[in-house]
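So the structure is just underneath, and the comments pick up after that.
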Amino acid sequence: MTSELNPAQMLRERPTADLSRLSNRALLFGGVGVAACAAGYFMVDRSQFLQSYLIAYMFWIGLSLGSLALLMIQYLSGGAWGLVGRRVFEAATRNLPLMAVLFIPIAMNLETLYLWARPEAANDPILVAKSAYLNANFFYLRAVLYFAVWITLAFTLSRWSKAQDEAALVGPGPMDRRFRVLSGPGLVLFMLSVTFMSVDWVMSLDPHFYSTIFGVLTVGGQGLATLAFTILTLQALSHAKPISDVTSAERFHDYGKLMLAFVMLWAYFNVSQLLIIWSANLPEEIPWYIERLQGHWAPWAVFVLIGHFVAPFVLLLSRDLKRHGRMLSRVALFVLFMRVVDLVWTIGPVFRHESTGHWLDFAMVAGMALPWLFLFYRNLGSRALVPAHDPYFKESVISEGH
(Lines give C-alpha, C1' and ligand atoms only; values in the text may rest on other atoms or scores of the structure.)
Protein backbone atom coordinates (compact mmCIF):
# COMPACT_ATOMS: atom_id res chain seq x y z
CA MET A 1 0.00 0.00 0.00
CA THR A 2 1.34 3.41 -0.94
CA SER A 3 0.35 7.02 -0.81
CA GLU A 4 -0.47 6.83 -4.53
CA LEU A 5 -3.84 5.24 -3.81
CA ASN A 6 -6.51 6.90 -5.93
CA PRO A 7 -9.91 6.92 -4.16
CA ALA A 8 -11.87 7.56 -7.37
CA GLN A 9 -10.20 4.66 -9.13
CA MET A 10 -10.69 2.36 -6.16
CA LEU A 11 -14.42 3.12 -6.19
CA ARG A 12 -14.61 2.04 -9.84
CA GLU A 13 -12.65 -1.20 -9.55
CA ARG A 14 -14.68 -4.42 -9.40
CA PRO A 15 -13.05 -7.88 -9.26
CA THR A 16 -15.87 -9.31 -11.37
CA ALA A 17 -14.10 -12.54 -12.24
CA ASP A 18 -13.17 -13.28 -8.63
CA LEU A 19 -16.64 -12.51 -7.35
CA SER A 20 -18.13 -14.71 -10.08
CA ARG A 21 -15.78 -17.55 -9.13
CA LEU A 22 -16.71 -17.27 -5.45
CA SER A 23 -20.40 -17.09 -6.31
CA ASN A 24 -20.18 -20.21 -8.48
CA ARG A 25 -18.45 -22.12 -5.70
CA ALA A 26 -21.12 -21.00 -3.26
CA LEU A 27 -23.86 -22.09 -5.65
CA LEU A 28 -22.23 -25.50 -6.04
CA PHE A 29 -21.88 -25.92 -2.28
CA GLY A 30 -25.43 -24.70 -1.69
CA GLY A 31 -26.80 -26.81 -4.52
CA VAL A 32 -25.41 -29.98 -2.96
CA GLY A 33 -26.92 -28.88 0.34
CA VAL A 34 -30.32 -28.22 -1.22
CA ALA A 35 -30.27 -31.67 -2.85
CA ALA A 36 -29.45 -33.24 0.53
CA CYS A 37 -32.22 -31.23 2.18
CA ALA A 38 -34.71 -32.32 -0.48
CA ALA A 39 -33.75 -35.94 0.16
CA GLY A 40 -34.03 -35.38 3.89
CA TYR A 41 -37.51 -33.90 3.50
CA PHE A 42 -38.77 -37.26 2.24
CA MET A 43 -36.52 -39.44 4.43
CA VAL A 44 -37.09 -37.92 7.89
CA ASP A 45 -40.18 -36.80 9.73
CA ARG A 46 -41.46 -33.24 9.61
CA SER A 47 -40.31 -32.48 13.16
CA GLN A 48 -36.70 -33.41 12.44
CA PHE A 49 -36.72 -31.36 9.24
CA LEU A 50 -37.93 -28.25 11.08
CA GLN A 51 -35.43 -28.74 13.91
CA SER A 52 -32.57 -28.79 11.40
CA TYR A 53 -34.10 -25.81 9.61
CA LEU A 54 -34.08 -23.80 12.84
CA ILE A 55 -30.41 -24.63 13.50
CA ALA A 56 -29.44 -23.54 9.98
CA TYR A 57 -31.55 -20.43 10.24
CA MET A 58 -29.91 -19.33 13.49
CA PHE A 59 -26.48 -19.79 11.90
CA TRP A 60 -27.16 -17.69 8.82
CA ILE A 61 -29.12 -14.93 10.51
CA GLY A 62 -26.25 -14.79 13.00
CA LEU A 63 -23.91 -13.73 10.18
CA SER A 64 -26.26 -10.94 9.10
CA LEU A 65 -26.85 -9.69 12.64
CA GLY A 66 -23.20 -10.00 13.64
CA SER A 67 -22.30 -7.92 10.58
CA LEU A 68 -24.80 -5.25 11.61
CA ALA A 69 -23.30 -5.07 15.10
CA LEU A 70 -19.69 -4.88 13.87
CA LEU A 71 -20.67 -2.27 11.28
CA MET A 72 -22.09 0.03 13.97
CA ILE A 73 -19.17 -0.67 16.31
CA GLN A 74 -16.75 0.33 13.55
CA TYR A 75 -18.60 3.59 12.92
CA LEU A 76 -18.39 4.41 16.62
CA SER A 77 -14.81 3.29 17.25
CA GLY A 78 -13.09 3.84 13.90
CA GLY A 79 -10.11 1.76 12.86
CA ALA A 80 -8.69 0.50 9.60
CA TRP A 81 -9.85 -3.05 10.36
CA GLY A 82 -13.47 -1.98 9.93
CA LEU A 83 -12.84 0.23 6.92
CA VAL A 84 -11.35 -2.73 5.04
CA GLY A 85 -14.21 -5.06 6.00
CA ARG A 86 -17.05 -2.55 5.93
CA ARG A 87 -18.45 -3.62 2.56
CA VAL A 88 -18.50 -7.25 3.69
CA PHE A 89 -20.54 -6.18 6.71
CA GLU A 90 -22.89 -4.08 4.59
CA ALA A 91 -23.45 -6.84 2.02
CA ALA A 92 -24.30 -9.32 4.79
CA THR A 93 -26.73 -6.92 6.48
CA ARG A 94 -28.59 -6.42 3.21
CA ASN A 95 -29.49 -10.13 3.43
CA LEU A 96 -31.84 -9.42 6.33
CA PRO A 97 -34.97 -9.18 4.10
CA LEU A 98 -34.09 -12.67 2.83
CA MET A 99 -33.88 -13.89 6.43
CA ALA A 100 -37.29 -12.36 7.11
CA VAL A 101 -38.73 -14.48 4.28
CA LEU A 102 -36.89 -17.59 5.47
CA PHE A 103 -38.41 -17.09 8.92
CA ILE A 104 -41.89 -17.89 7.56
CA PRO A 105 -41.54 -21.72 7.84
CA ILE A 106 -40.61 -21.30 11.51
CA ALA A 107 -43.53 -18.93 12.13
CA MET A 108 -45.94 -21.35 10.44
CA ASN A 109 -44.85 -24.35 12.52
CA LEU A 110 -44.75 -23.04 16.08
CA GLU A 111 -46.59 -26.04 17.52
CA THR A 112 -44.05 -28.44 16.05
CA LEU A 113 -41.05 -26.57 17.45
CA TYR A 114 -42.24 -24.87 20.63
CA LEU A 115 -43.84 -26.64 23.58
CA TRP A 116 -45.54 -23.45 24.75
CA ALA A 117 -47.44 -23.18 21.45
CA ARG A 118 -49.12 -26.62 21.83
CA PRO A 119 -52.59 -27.15 23.33
CA GLU A 120 -51.16 -29.27 26.18
CA ALA A 121 -49.28 -26.20 27.44
CA ALA A 122 -52.51 -25.28 29.23
CA ASN A 123 -51.83 -28.18 31.61
CA ASP A 124 -48.39 -26.91 32.65
CA PRO A 125 -48.52 -24.33 35.48
CA ILE A 126 -45.18 -22.80 34.48
CA LEU A 127 -46.29 -22.31 30.87
CA VAL A 128 -49.61 -20.89 32.01
CA ALA A 129 -47.71 -18.36 34.13
CA LYS A 130 -45.61 -17.37 31.09
CA SER A 131 -48.50 -17.35 28.62
CA ALA A 132 -48.80 -13.54 28.61
CA TYR A 133 -45.39 -13.47 26.92
CA LEU A 134 -45.19 -16.90 25.27
CA ASN A 135 -48.16 -16.88 22.95
CA ALA A 136 -48.32 -17.00 19.16
CA ASN A 137 -49.75 -13.53 18.51
CA PHE A 138 -47.21 -11.76 20.71
CA PHE A 139 -44.44 -13.94 19.25
CA TYR A 140 -45.34 -12.80 15.74
CA LEU A 141 -45.58 -9.16 16.80
CA ARG A 142 -42.13 -9.26 18.41
CA ALA A 143 -40.63 -10.95 15.34
CA VAL A 144 -42.01 -8.20 13.08
CA LEU A 145 -40.59 -5.58 15.44
CA TYR A 146 -37.14 -7.24 15.46
CA PHE A 147 -36.93 -7.34 11.68
CA ALA A 148 -38.21 -3.78 11.41
CA VAL A 149 -35.42 -2.55 13.69
CA TRP A 150 -32.68 -4.59 12.01
CA ILE A 151 -33.68 -3.83 8.43
CA THR A 152 -34.17 -0.12 9.14
CA LEU A 153 -30.71 0.17 10.70
CA ALA A 154 -29.03 -1.90 7.99
CA PHE A 155 -30.54 -0.14 5.00
CA THR A 156 -30.23 3.34 6.46
CA LEU A 157 -26.49 2.86 7.03
CA SER A 158 -26.12 1.20 3.63
CA ARG A 159 -27.97 4.01 1.86
CA TRP A 160 -25.83 6.66 3.53
CA SER A 161 -22.70 4.68 2.64
CA LYS A 162 -23.72 4.57 -1.02
CA ALA A 163 -24.40 8.31 -0.98
CA GLN A 164 -20.94 8.86 0.50
CA ASP A 165 -19.39 6.94 -2.42
CA GLU A 166 -21.29 9.03 -4.94
CA ALA A 167 -20.50 12.38 -3.32
CA ALA A 168 -17.26 14.32 -3.62
CA LEU A 169 -14.48 13.39 -1.24
CA VAL A 170 -14.63 15.77 1.74
CA GLY A 171 -13.13 15.92 5.19
CA PRO A 172 -14.81 14.96 8.46
CA GLY A 173 -18.12 16.72 9.01
CA PRO A 174 -21.88 16.26 9.32
CA MET A 175 -22.06 13.67 6.52
CA ASP A 176 -19.88 11.16 8.34
CA ARG A 177 -21.01 12.20 11.81
CA ARG A 178 -24.53 10.94 11.14
CA PHE A 179 -23.21 7.35 10.97
CA ARG A 180 -22.06 7.66 14.57
CA VAL A 181 -25.21 9.44 15.69
CA LEU A 182 -27.31 6.52 14.43
CA SER A 183 -24.93 3.74 15.49
CA GLY A 184 -24.95 4.71 19.18
CA PRO A 185 -28.67 4.21 19.87
CA GLY A 186 -28.68 1.60 17.09
CA LEU A 187 -26.38 -0.64 19.13
CA VAL A 188 -28.67 -0.27 22.15
CA LEU A 189 -31.68 -1.30 20.05
CA PHE A 190 -29.64 -4.12 18.54
CA MET A 191 -28.64 -5.57 21.92
CA LEU A 192 -32.20 -5.37 23.23
CA SER A 193 -33.75 -6.91 20.12
CA VAL A 194 -31.20 -9.73 19.78
CA THR A 195 -31.51 -10.54 23.49
CA PHE A 196 -35.29 -10.90 23.21
CA MET A 197 -34.91 -12.72 19.88
CA SER A 198 -32.59 -15.31 21.44
CA VAL A 199 -35.12 -15.85 24.22
CA ASP A 200 -38.03 -16.17 21.78
CA TRP A 201 -36.47 -18.32 19.07
CA VAL A 202 -34.00 -20.48 21.00
CA MET A 203 -34.31 -20.36 24.77
CA SER A 204 -38.10 -20.77 24.72
CA LEU A 205 -37.64 -24.13 23.00
CA ASP A 206 -37.23 -25.29 26.59
CA PRO A 207 -39.65 -22.92 28.34
CA HIS A 208 -38.74 -24.24 31.78
CA PHE A 209 -35.15 -23.02 31.41
CA TYR A 210 -33.98 -19.44 31.69
CA SER A 211 -30.66 -17.63 31.73
CA THR A 212 -30.06 -13.89 32.05
CA ILE A 213 -26.85 -14.15 30.00
CA PHE A 214 -28.29 -16.11 27.07
CA GLY A 215 -28.76 -13.05 24.86
CA VAL A 216 -25.19 -11.82 25.41
CA LEU A 217 -23.93 -15.32 24.63
CA THR A 218 -25.88 -15.24 21.35
CA VAL A 219 -24.37 -11.88 20.40
CA GLY A 220 -20.85 -13.16 21.16
CA GLY A 221 -21.35 -16.15 18.88
CA GLN A 222 -22.69 -13.95 16.10
CA GLY A 223 -19.69 -11.61 16.33
CA LEU A 224 -17.24 -14.52 16.23
CA ALA A 225 -18.93 -16.05 13.19
CA THR A 226 -18.97 -12.70 11.39
CA LEU A 227 -15.25 -12.10 11.95
CA ALA A 228 -14.45 -15.60 10.67
CA PHE A 229 -16.61 -15.08 7.58
CA THR A 230 -15.04 -11.66 6.92
CA ILE A 231 -11.54 -13.14 7.09
CA LEU A 232 -12.53 -15.81 4.55
CA THR A 233 -14.01 -13.22 2.20
CA LEU A 234 -11.06 -10.82 2.39
CA GLN A 235 -8.57 -13.64 1.89
CA ALA A 236 -10.48 -14.90 -1.15
CA LEU A 237 -10.34 -11.40 -2.70
CA SER A 238 -6.91 -10.40 -1.40
CA HIS A 239 -5.24 -10.81 -4.82
CA ALA A 240 -7.77 -8.68 -6.68
CA LYS A 241 -8.01 -4.90 -6.80
CA PRO A 242 -9.08 -2.91 -4.88
CA ILE A 243 -8.92 -5.36 -1.96
CA SER A 244 -5.28 -6.13 -2.72
CA ASP A 245 -4.49 -2.43 -2.22
CA VAL A 246 -5.87 -2.34 1.31
CA THR A 247 -5.20 -5.80 2.73
CA SER A 248 -1.85 -6.70 4.22
CA ALA A 249 -0.33 -8.89 6.88
CA GLU A 250 -1.15 -6.13 9.36
CA ARG A 251 -4.82 -6.13 8.41
CA PHE A 252 -5.10 -9.90 8.79
CA HIS A 253 -3.27 -9.56 12.09
CA ASP A 254 -5.96 -7.12 13.22
CA TYR A 255 -8.74 -9.53 12.30
CA GLY A 256 -6.88 -12.45 13.88
CA LYS A 257 -6.60 -10.54 17.15
CA LEU A 258 -10.27 -9.64 17.04
CA MET A 259 -11.22 -13.25 16.37
CA LEU A 260 -9.06 -14.37 19.30
CA ALA A 261 -10.80 -11.80 21.49
CA PHE A 262 -14.23 -13.10 20.48
CA VAL A 263 -13.16 -16.71 21.04
CA MET A 264 -12.24 -15.76 24.62
CA LEU A 265 -15.39 -13.64 24.99
CA TRP A 266 -17.60 -16.54 23.88
CA ALA A 267 -15.80 -18.87 26.32
CA TYR A 268 -16.14 -16.35 29.15
CA PHE A 269 -19.90 -15.99 28.60
CA ASN A 270 -20.34 -19.77 28.44
CA VAL A 271 -18.32 -20.47 31.56
CA SER A 272 -20.12 -17.67 33.41
CA GLN A 273 -23.51 -19.13 32.53
CA LEU A 274 -22.41 -22.66 33.48
CA LEU A 275 -20.90 -21.65 36.83
CA ILE A 276 -23.86 -19.51 37.86
CA ILE A 277 -26.43 -22.17 36.97
CA TRP A 278 -24.39 -25.09 38.32
CA SER A 279 -23.66 -23.40 41.65
CA ALA A 280 -27.30 -22.36 42.14
CA ASN A 281 -28.43 -25.93 41.33
CA LEU A 282 -32.03 -24.84 40.77
CA PRO A 283 -34.40 -27.50 39.42
CA GLU A 284 -35.69 -25.22 36.65
CA GLU A 285 -32.17 -24.49 35.34
CA ILE A 286 -29.79 -27.36 35.98
CA PRO A 287 -31.57 -30.00 33.78
CA TRP A 288 -30.58 -27.95 30.72
CA TYR A 289 -26.90 -28.61 31.44
CA ILE A 290 -27.37 -32.17 32.70
CA GLU A 291 -28.91 -33.02 29.32
CA ARG A 292 -25.94 -31.55 27.46
CA LEU A 293 -23.04 -32.65 29.69
CA GLN A 294 -24.08 -36.24 30.29
CA GLY A 295 -25.25 -39.21 28.26
CA HIS A 296 -25.42 -39.02 24.46
CA TRP A 297 -24.47 -35.35 24.28
CA ALA A 298 -21.38 -35.54 26.53
CA PRO A 299 -18.93 -36.15 23.61
CA TRP A 300 -20.41 -33.13 21.83
CA ALA A 301 -19.75 -31.01 24.91
CA VAL A 302 -16.10 -32.07 24.88
CA PHE A 303 -15.88 -31.37 21.15
CA VAL A 304 -17.37 -27.88 21.64
CA LEU A 305 -14.91 -27.15 24.44
CA ILE A 306 -11.87 -28.24 22.42
CA GLY A 307 -12.96 -27.13 18.96
CA HIS A 308 -14.71 -23.89 19.83
CA PHE A 309 -12.24 -22.63 22.41
CA VAL A 310 -9.04 -24.60 23.11
CA ALA A 311 -7.92 -25.23 19.52
CA PRO A 312 -8.63 -21.75 18.07
CA PHE A 313 -7.28 -20.10 21.22
CA VAL A 314 -3.96 -21.94 20.99
CA LEU A 315 -3.65 -21.41 17.24
CA LEU A 316 -4.52 -17.71 17.36
CA LEU A 317 -1.85 -17.03 19.96
CA SER A 318 0.66 -17.29 17.10
CA ARG A 319 1.52 -13.90 15.65
CA ASP A 320 2.84 -15.47 12.46
CA LEU A 321 -0.40 -17.36 11.87
CA LYS A 322 -2.51 -14.24 12.35
CA ARG A 323 -0.39 -12.37 9.79
CA HIS A 324 -0.69 -15.14 7.19
CA GLY A 325 -4.01 -14.70 5.40
CA ARG A 326 -4.28 -18.24 4.05
CA MET A 327 -3.50 -19.93 7.36
CA LEU A 328 -5.78 -17.56 9.26
CA SER A 329 -8.61 -18.29 6.81
CA ARG A 330 -8.32 -22.01 7.56
CA VAL A 331 -8.74 -21.32 11.26
CA ALA A 332 -11.69 -19.06 10.40
CA LEU A 333 -13.32 -21.84 8.36
CA PHE A 334 -12.95 -24.23 11.29
CA VAL A 335 -14.45 -21.63 13.63
CA LEU A 336 -17.50 -21.35 11.36
CA PHE A 337 -17.89 -25.12 11.41
CA MET A 338 -17.71 -25.09 15.20
CA ARG A 339 -20.38 -22.40 15.33
CA VAL A 340 -22.71 -24.89 13.63
CA VAL A 341 -21.65 -27.63 16.06
CA ASP A 342 -22.34 -25.31 18.99
CA LEU A 343 -25.83 -24.52 17.67
CA VAL A 344 -26.54 -28.24 17.24
CA TRP A 345 -25.36 -28.85 20.83
CA THR A 346 -27.50 -25.96 22.11
CA ILE A 347 -30.73 -26.70 20.21
CA GLY A 348 -30.57 -30.45 19.50
CA PRO A 349 -31.00 -31.82 23.06
CA VAL A 350 -34.38 -30.08 23.37
CA PHE A 351 -35.76 -32.56 20.82
CA ARG A 352 -33.34 -35.52 20.87
CA HIS A 353 -32.99 -37.12 24.27
CA GLU A 354 -31.93 -40.53 23.00
CA SER A 355 -29.78 -39.42 20.06
CA THR A 356 -27.40 -36.62 19.12
CA GLY A 357 -26.76 -34.49 16.05
CA HIS A 358 -28.42 -35.43 12.78
CA TRP A 359 -26.81 -35.28 9.34
CA LEU A 360 -29.66 -33.04 8.20
CA ASP A 361 -28.50 -30.33 10.63
CA PHE A 362 -25.37 -29.82 8.56
CA ALA A 363 -27.08 -30.43 5.22
CA MET A 364 -29.60 -27.71 6.03
CA VAL A 365 -26.81 -25.23 6.81
CA ALA A 366 -25.32 -26.01 3.40
CA GLY A 367 -28.72 -25.76 1.71
CA MET A 368 -29.50 -22.37 3.23
CA ALA A 369 -26.09 -21.21 2.01
CA LEU A 370 -27.48 -21.22 -1.54
CA PRO A 371 -29.80 -18.19 -1.23
CA TRP A 372 -27.73 -16.45 1.46
CA LEU A 373 -24.38 -16.57 -0.34
CA PHE A 374 -25.92 -15.91 -3.75
CA LEU A 375 -27.49 -12.70 -2.47
CA PHE A 376 -24.39 -11.81 -0.45
CA TYR A 377 -22.04 -11.91 -3.45
CA ARG A 378 -24.60 -10.03 -5.53
CA ASN A 379 -24.75 -7.33 -2.83
CA LEU A 380 -20.97 -7.25 -2.52
CA GLY A 381 -20.45 -6.82 -6.26
CA SER A 382 -23.07 -4.08 -6.60
CA ARG A 383 -21.01 -1.53 -4.64
CA ALA A 384 -17.42 -0.40 -4.46
CA LEU A 385 -15.49 -2.90 -2.34
CA VAL A 386 -13.80 -0.21 -0.25
CA PRO A 387 -15.30 2.99 1.22
CA ALA A 388 -12.65 5.17 -0.42
CA HIS A 389 -14.65 8.38 0.15
CA ASP A 390 -14.80 7.87 3.87
CA PRO A 391 -12.86 10.87 5.26
CA TYR A 392 -10.70 8.58 7.41
CA PHE A 393 -10.04 5.93 4.78
CA LYS A 394 -6.89 7.11 3.08
CA GLU A 395 -5.16 8.16 6.28
CA SER A 396 -5.99 4.90 8.05
CA VAL A 397 -4.97 2.65 5.16
CA ILE A 398 -1.72 4.42 4.40
CA SER A 399 -0.64 4.63 8.03
CA GLU A 400 -1.63 1.01 8.74
CA GLY A 401 -3.50 2.48 11.69
CA HIS A 402 -5.81 0.65 14.03
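The values are calculated or read from the model by the stated rules, or taken from the named source; none is laboratory data. Because the structure is predicted, anything quoted here is derived from the model rather than measured. Cβ placement follows ideal geometry from the backbone for every residue including glycine, while neighbour counts extend to all protein chains displayed. Surface accessibility is based on the protein's heavy atoms, side chains included, excluding ligands, DNA and RNA. Shrake-Rupley method; radii C 1.70, N 1.55, O 1.52, S 1.80 Å.
Structure summary
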read-out: Boolean, residue 341 is more than 20 Å from residue 85 (Cα to Cα), out of contact with any helix residue (DSSP H, G or I) (no Cβ under 9 Å at 6 or more places or on another chain) and either surrounded by fewer than 22 Cβ atoms within 10 Å (Cβ to Cβ) or not charged (D, E, K, R) (or both); value: no
read-out: Filtered residue count, the range 110-142, keeping only those that are in contact (Cβ under 8 Å) with a residue 60 or more places away in the chain and within 20 Å of residue 45 (Cβ to Cβ); value: 4
read-out: Matching residues in the range 40-51 - criterion: being in a helix (DSSP H, G or I) and either open to solvent by less than 30 Å² (accessible area, probe 1.4 Å) or in contact (Cβ under 8 Å) with a residue 60 or more places away in the chain (or both); value: 40, 46, 47, 48, 49, 50, 51
read-out: Search result, residues across the range 370-388 that are part of a helix (DSSP H, G or I) and either touching a strand residue (DSSP E or B) at 6+ places or on another chain (Cβ under 8 Å) or open to solvent by 10 Å² or more (accessible area, probe 1.4 Å) (or both); value: 370, 371, 373, 374, 375, 377, 378, 379, 381
read-out: Within the range 145-177, considering residues that are among the aromatic types (Phe, Trp, Tyr) and more than 18 Å from residue 392 (Cβ to Cβ), the one surrounded by the most Cβ atoms within 10 Å (Cβ to Cβ); value: 150
read-out: Cβ-Cβ under 7 Å pairs, at least 6 apart or on other chains, the range 249-260 side of a type in the set (D, E, K, R), far side open to solvent by 20 Å² or more (accessible area, probe 1.4 Å); value: 250/400; 251/81; 254/81; 254/402
read-out: Criterion violated by residue 54 - all others in (1) without any contact (Cβ under 8 Å) to a residue 12 or more places away in the chain; (2) under 21 Å from residue 209 (Cα atoms); (3) not polar (S, T, N, Q) satisfied; value: (1)
read-out: Selection within the range 89-108 - in contact (Cβ under 8 Å) with a residue 60 or more places away in the chain and open to solvent by 10 Å² or more (accessible area, probe 1.4 Å); value: 94, 98, 102
read-out: Filter pass, residue 363 being more than 30 Å from residue 287 (Cβ to Cβ) and crowded, with 19+ Cβ neighbours inside 10 Å; value: no
read-out: Filtered residue count, the range 75-88, keeping only those that are buried (at least 20 other Cβ atoms within 10 Å of the Cβ) and out of contact with any Leu (no Cβ under 6 Å at 6 or more places or on another chain); value: 9
read-out: Residue match in the range 21-31 (condition: touching a Lys or Arg at 6+ places or on another chain (Cβ under 9 Å), buried (at least 21 other Cβ atoms within 10 Å of the Cβ) and either of a type outside the set (Phe, Trp, Tyr) or in a helix (DSSP H, G or I) (or both)); value: no
